[in-house]
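Written below as C-alpha cells is the structure these notes are about.
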Amino acid sequence: MHASAEPETGIEQELMETSPTRRPTVAALEALLNRPMAVLDHGFVRVIDYMGDDGAIVQAARVSYGRGTRRLSEDAGLIRYLMRHRHTTPFEMCAIKFHVKLPIFVARQWIRHRMASVNEYSARYSILDREFYLPSRKHLAVQSATNRQGRAELLGEADAAFVLATLRADAERCHAHYLELLNDPREAGGHDPSRQGLARELARINLTLNTYTQWYWKTDLHNLFHFLELRADPHAQYEIRAYAERMLEVLAHWVPLAHQAFLDYRLNAATLSAPMLAVLRRMLAGERVEQPESGLSKREFSELIAALGR
Ligand SMILES: Cc1cc2nc3c(=O)[nH]c(=O)nc-3n(C[C@H](O)[C@H](O)[C@H](O)COP(=O)(O)OP(=O)(O)OC[C@H]3O[C@@H](n4cnc5c(N)ncnc54)[C@H](O)[C@@H]3O)c2cc1C
C-alpha cells in the first residue's frame, strides 16, 4: 500500500525520470523507488536511491569479479555464513537512501542511530504543516506495570475517546498559536498587519511532539540491520516499529538473500548467555530447573523461558 500522492513538484518529476546505467540494479526495488509507503496516519517511507545488491555482498566477500559465476544456493550459503558469524563489512558495500516523514517524537528515537547521514526539513526555513500523529484506538493502552518502557492492556472506550480528543485539541491549539506567533502574510487567514511576527526558529518551540517532520536518511546495509534489529524488535515502541517494518519490506525486495539471513540469524534469533546455556543443558539432561536454583535472575530466567517458547 502506498501513501496518497503528494503534490507534484519539479523534484518529484525528476525522481521519476529514468536513465540507462551499467551499475547492477534490482528490478523489485526499482519498482518501489520513489513511491511513498504509508506509515502511521500521515507518515511514509520511500526509497530515493540505493547501491548494490545481494551480489555485491558476495562479491566483496570473495574479493573477486566473478559476478554471476556461482550458483544462487552458494551465494545464499555465503551470505548466511557472513550473517551468522558477524562478518559484517561485506554488508557495508550496499547503501540506501530513504525519504521519511515521521512525528518528531519518533525522530528523536531514530536520530540516536548515529551511523547514518541525515538531512532534515528545516523549521527555521519553512513553516511546518498542520499535521499531527494521532494513535489509532488499538494502540491506546495503559502504562505497563512490569516494563517501565512499555504499554499494557488497551484503554476503555470512554478513556480512549478522552485521550484522542485531548491530543487533537492540544496539537491544534499549539499549531494555531504557532501560526499566530509567525503572523506570516503568506499564510491564509489570520495575518495581523499591526503586529510583528516571530522568527520561524522560535515560533516552532510551541509545537507538540506529534507534529510531523521529514528527512533524508542514508545508511549502509550493515548499519540498517543494526537499526532494524533494535527497532523492528517487539520491545521497540510501536510507532518507530511501524517504520522499521516497512523498511524490512524494502529489504525483502532489495536484498532477498541477506534479508532472509537477517531474519533467521538476527531479528528472530535469540542470544543465550553462558549461565542461560548452562541451565538449558541441565534441562536437556532431563532436570526440572526452577528459577531460584537456576543461578539466573528472575528477569533472565523468564527471558530464557520465553526464548524457548515454554
Ligand atoms: C528498546 C530501546 C530502548 C531505549 N531506551 C533508551 C533510553 O531510555 N535512553 C536513551 O538515552 N536511549 C535509549 N535507547 C537508545 C539506545 O541507547 C541507542 O542510543 C540507540 O539504540 C542507537 O544504538 P547504537 O548506538 O548502537 O546505534 P548507532 O549510533 O547507529 O551506532 C551503531 C554502532 O556504532 C558504534 N558506535 C557509534 N558511535 C559510537 C561511539 N561514539 N563510540 C563507540 N561506538 C560507537 C557502536 O558499536 C554502535 O552500536 C533505547 C533504544 C532501544 C532500542
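Consider the range 10-42 and keep the residues that are over 18 Å from Lys97 (Cβ atoms) and loosely packed, with under 12 Cβ neighbours inside 10 Å. The one that is modelled with the lowest pLDDT is Gly10. Give me the residue from the range 214-230 that is surrounded by fewer than 22 Cβ atoms within 10 Å (Cβ to Cβ) and closer than 29 Å to Arg168 by Cα and, out of that set, farthest from the ligand (Cβ to nearest atom). Checking each candidate, the answer is Gln214. A Cβ distance below 8 Å, combined with a sequence gap of six or more or placement on separate chains, defines the contacts here; from the range 100-118, residues that are on the phi < 0 side of the Ramachandran plot and of a type in the set (Ser, Thr, Tyr) reach residues that are within 13 Å of the ligand (Cβ to nearest atom) and open to solvent by less than 60 Å² (accessible area, probe 1.4 Å) in the pairs Ser117/Trp217; Ser117/Thr219.
Selection of first residues in the range 172-194 that are under 16 Å from Ala123 (Cβ atoms) and of second residues that are of a type in the set (Val, Ile, Thr), restricted to Cβ pairs under 8 Å at least 6 apart or on distinct chains, gives the following pairs, ordered by first then second residue: Cys174/Thr208; His175/Thr208; His175/Thr211; Leu179/Ile127; Leu182/Ile127; Asp184/Ile127; Glu187/Ile127. Looking at this structure, is Gln149 within 16 Å of the ligand (Cβ to nearest atom), outside any helix (DSSP H, G or I), open to solvent by 40 Å² or more (accessible area, probe 1.4 Å) and not basic (Lys, Arg)? Here the answer is yes, as Gln149 does meet what is asked. For the range 242-251, state whether one or more residues are without any contact (Cβ under 8 Å) to a residue 40 or more places away in the chain, under 15 Å from the mean Cα position of the chain (by Cα), within 16 Å of the ligand (Cβ to nearest atom) and assigned to a loop (DSSP other than H, G, I, E, B). No, the conditions are met nowhere in the range 242-251. Here the condition is being touching a Gly at 6+ places or on another chain (Cβ under 9 Å), part of a helix (DSSP H, G or I) and surrounded by fewer than 19 Cβ atoms within 10 Å (Cβ to Cβ); of Ala306, Ala278, it holds for Ala278 alone.
The values are calculated or read from the model by the stated rules, or taken from the named source; none is laboratory data. Owing to the predicted nature of the structure, the values given are computational and were not obtained by experimental measurement. So basically every Cβ, Gly included, is an ideal-geometry build from the backbone, and we count neighbours across all protein chains shown. Protein only, heavy atoms only, side chains kept; ligands, DNA and RNA dropped before computing areas. Shrake-Rupley method; radii C 1.70, N 1.55, O 1.52, S 1.80 Å.
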